[in-house]
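Here the structure comes first, spelled out in structure tokens, and everything after it is commentary.
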Amino acid sequence: MKREHQVFSIAEENPAVPGCTISGQLMRGVTVFSLAKETDISAESYPVPILQVQLSGSSVLDMGAPAGMVALSAGELMKKPAGRDIGVAAKEDSVYLEIALEKEDSTMNPVIKEENVFRLKDLIPYQEGKIVNMDLVSQPSMKFVVMAFDEGTGLSEHSAPGDAIVFALDGKAVIGYEGKEYPISAGEQFRFAKGGLHSVKADGKFKMALLLVLEGE
């Protein structure tokens with residue numbers, strides 16, 4: 001998927017196909033899944049922990065004992081443990097991301113507990129006149145960050161150290177990219193390439209997540 005220089009929706013670009021489950025690589029270490037209503041993916045395990053980020057619809061995860069069934073709605077995420085057989089079912093059309101973490105994931109923010117469900121936009125608060133930043137994952141190969149911008153705040157123009165996707169979580173903003181401006185609203189995404197000059201200016205209060213894929217060591 002190449003969608004640089006424009007606002008788009010990952011969920012809309014990966015619509016469900018009746019009776020089918022679809023998966024494909026979005027970025028290195030990041031896979032997008034599209035499950036049609038009443039379809040499922042059989043239980044399977046991974047050698048590394050996985051972050052599942054629900055973009056649209058809802059998923060039901062069969063975690064096995066003792067956790068049982070766990071539901072994820074749009075805007076929520078959960079850290080799935082390594083080595084655990086976990087199935088995923090969709091009661092409605094569902095699109096989500098799986099982000100593979102490093103095996104030694106000590107760089108995962110301790111606020112994200114395995115098998116607990118979190119709403120991305122609720123992880124950080126707004127603060128008057130400030131930008132609040134929380135690194136959820138910080139690894140040599142990838143960073144996943146959530147940010148809250150108070151009205152009138154923003155990031156000045158700077159270059160991207162890797163390929164990245166911005167996920168608008170709450171409110172509105174204007175993304176500057178290579179000399180042009182792109183309004184973005186909650187539920188939309190924007191992708192920029194390594195080295196791309198970009199800025200962010202909140203239009204009122206604004207929250208976003210940033211997924212940054214790095215070359216690593």
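Tabulated data
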| quantity | calculated |
| --- | --- |
| Zone residues, the stretch 27-45, relative to Asp85, backbone N less than 14 Å from point 7 Å out along Cα-to-Cβ | 42-45 |
| Those aspartates and glutamates that a straight Cα-Cα span of less than 19 Å connects to Lys207, excepting residues fewer than 8 apart in one chain | Glu76, Asp122, Glu128, Asp135, Asp150, Glu151, Glu157, Asp170, Glu181, Glu188 |
| Other-chain or far-sequence residues with amide H under 5 Å of Leu136's (modelled H) | Phe144, Val145, Val146 |
| Computed FRET value (nearest 0.05) for Thr107 with Glu181, which takes r as the C-beta separation and R₀ as 41 Å | 0.75 |
| Heavy-atom accessible area per residue - the stretch 99-157, 1.4 Å, Å² | 53 Å² |
| Within the accessible area of the chain (1.4 Å probe), percent carbon and sulfur | 48 percent |
| Percentage relative contact order, the chain, counting C-alpha pairs under 8 Å, at least six apart | 20 percent |
| Cα centroid separation - the stretch 101-137 against the stretch 194-217, whole Å | 16 Å |
| Cross-link reach list, lysines versus Lys143, counting only Cα pairs under 16 Å and skipping chain neighbours closer than eight places | Lys79, Lys103, Lys194 |
| Residue-wise HN-Hα coupling along the stretch 21-35, computed from phi with Karplus coefficients 6.51, -1.76, 1.60 (Hz; x: Gly, Pro) | 10, 10, 9, x, 6, 8, 8, 4, x, 10, 10, 9, 10, 10, 10 |
| Rounded to the nearest 10 Å², the accessible area of Thr107 at probe 1.4 Å | 60 Å² |
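The values are calculated or read from the model by the stated rules, or taken from the named source; none is laboratory data. Not measured: the values here are computed from a predicted model. All Cβ positions, glycine included, derive from the backbone under ideal geometry; neighbour counts span all protein chains shown. What goes into the accessible areas is simple: the full protein's heavy atoms, side chains included, and nothing from ligands, DNA or RNA. Shrake-Rupley method; radii C 1.70, N 1.55, O 1.52, S 1.80 Å.
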